[in-house]
Amino acid sequence: MKADILRRLVDARAAKRPAALVTDLGTGMQSIVLDDGVHGAFGMTDEELALVRRHLALDRSAIVEQDERSWFVHAFNPPLRLAIVGAVHIAQALAPVAALSGYDVVIVDPRRAFATETRFPGVALSDDWPDDGLRAIGIDRRTAVVTLTHDPKLDDPALQVALRSPAFYVGSLGSRRTHAKRVARLREAGFSEAEIARIRAPVGLDIGAVSPAEIAVAIMAEITATLRASTGDGAEDG
């Protein structure tokens with residue numbers, strides 16, 4: 001591997017930026033695909049670049065055949081992350097479900113009596129105010145954000161950060177009446193209809209969930225569906 005490519009790959013991983021290392025299996029030459037384009041021994045057509053980016057989006061390393069060329073695409077992605085605002089009962093169920101689904105989980109709640117190691121063993125905890133906590137996390141396009149406190153003083157600051165971030169999913173607990181009040185507050189705060197429409201509320205797929213565990217399953221299912229819809233992945237892909 002050329003020193004320049006190695007440096008770019010190391011820098012991308014340190015900055016938690018997606019990167020794809022592409023090796024031409026015929027020549028052994030390598031290039032790296034980053035957000036800002038292709039760097040290395042060979043360039044790519046728009047079609048070839050789109051194909052590589054699709055594998056990167058799917059988190060899938062594979063051999064790719066394109067126009068009589070064979071490449072190995074090695075996907076390097078930052079981890080999927082779930083930021084949960086509110087150390088409540090649903091969060092206690094959601095955190096382990098998300099972890100089993102491959103997400104790094106962080107609980108953000110300034111109420112230290114709720115956000116404790118005893119209630120959330122092995123889970124990263126932030127006692128920052130929600131907007132500060134989410135900024136510190138550094139939300140990227142592989143991050144989902146869910147607010148669960150039912151308290152506008154906590155949920156609204158988090159939503160205001162999440163809605164203007166690249167997060168692929170933003171969900172918020174609450175009834176339709178609660179959400180209507182939330183929408184009114186966000187409009188008053190200057191958020192557009194398109195920004196507000198990003199919020200999945202009531203949060204989670206409608207499976208008739210009642211208990212905290214069932215609601216956690218519904219939320220994780222909706223997060224998964226949103227992630228896979230954004231990448232175009234599906235069962236037919238194997």
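A few notes on this one:
- Which listed residue is within 23 Å of Ala218 (Cα to Cα) and of a type outside the set (Lys, Arg), from Gly28, Gly133, Gly86: Gly86
- Whichever residue in the range 168-183 is buried (at least 21 other Cβ atoms within 10 Å of the Cβ) and of a type in the set (A, V, I, L, M) and, among such residues, is farthest from Gly204 (Cα to Cα): Val170
Listed here are the residues, each with its yes/no results for (1) modelled with pLDDT of 95 or more; (2) within 16 Å of Val85 (Cα to Cα); (3) crowded, with 16+ Cβ neighbours inside 10 Å.
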{"position": "Thr147", "(1), (2), (3)": "yes, yes, yes"}
{"position": "Lys153", "(1), (2), (3)": "yes, yes, no"}
{"position": "Leu159", "(1), (2), (3)": "yes, yes, yes"}
{"position": "Pro166", "(1), (2), (3)": "no, no, no"}
{"position": "Leu186", "(1), (2), (3)": "yes, no, yes"}
{"position": "Val203", "(1), (2), (3)": "yes, yes, yes"}
{"position": "Ala216", "(1), (2), (3)": "yes, yes, yes"}
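- Filter result for Leu94 (among the aliphatic types (A, V, I, L, M), under 24 Å from Ser165 (Cα atoms) and either modelled with pLDDT under 90 or touching a Phe, Trp or Tyr at 6+ places or on another chain (Cβ under 7 Å) (or both)): no
- Residue in the range 103-116 that is touching a residue at least 40 places away in the same chain (Cβ under 8 Å), closer than 16 Å to Ile223 by Cβ and out of contact with any Pro (no Cβ under 6 Å at 6 or more places or on another chain) present: yes
- Any hit, the range 63-76, residues being touching a Phe, Trp or Tyr at 6+ places or on another chain (Cβ under 9 Å), in contact (Cβ under 8 Å) with a residue 12 or more places away in the chain and closer than 30 Å to Glu222 by Cα: no
- Subset of the range 19-67 that is hydroxyl-bearing (Ser, Thr, Tyr) and in contact with a helix residue (DSSP H, G or I) (Cβ under 8 Å, 6 or more places away or on another chain) - its residue that is farthest from Ala225 (Cα to Cα): Ser31
The values are calculated or read from the model by the stated rules, or taken from the named source; none is laboratory data. In this text, all values refer to a predicted model and were calculated from it rather than measured experimentally. Please note: Cβ atoms are built from the backbone with ideal geometry, for glycine as well, and neighbour counts cover all protein chains shown.
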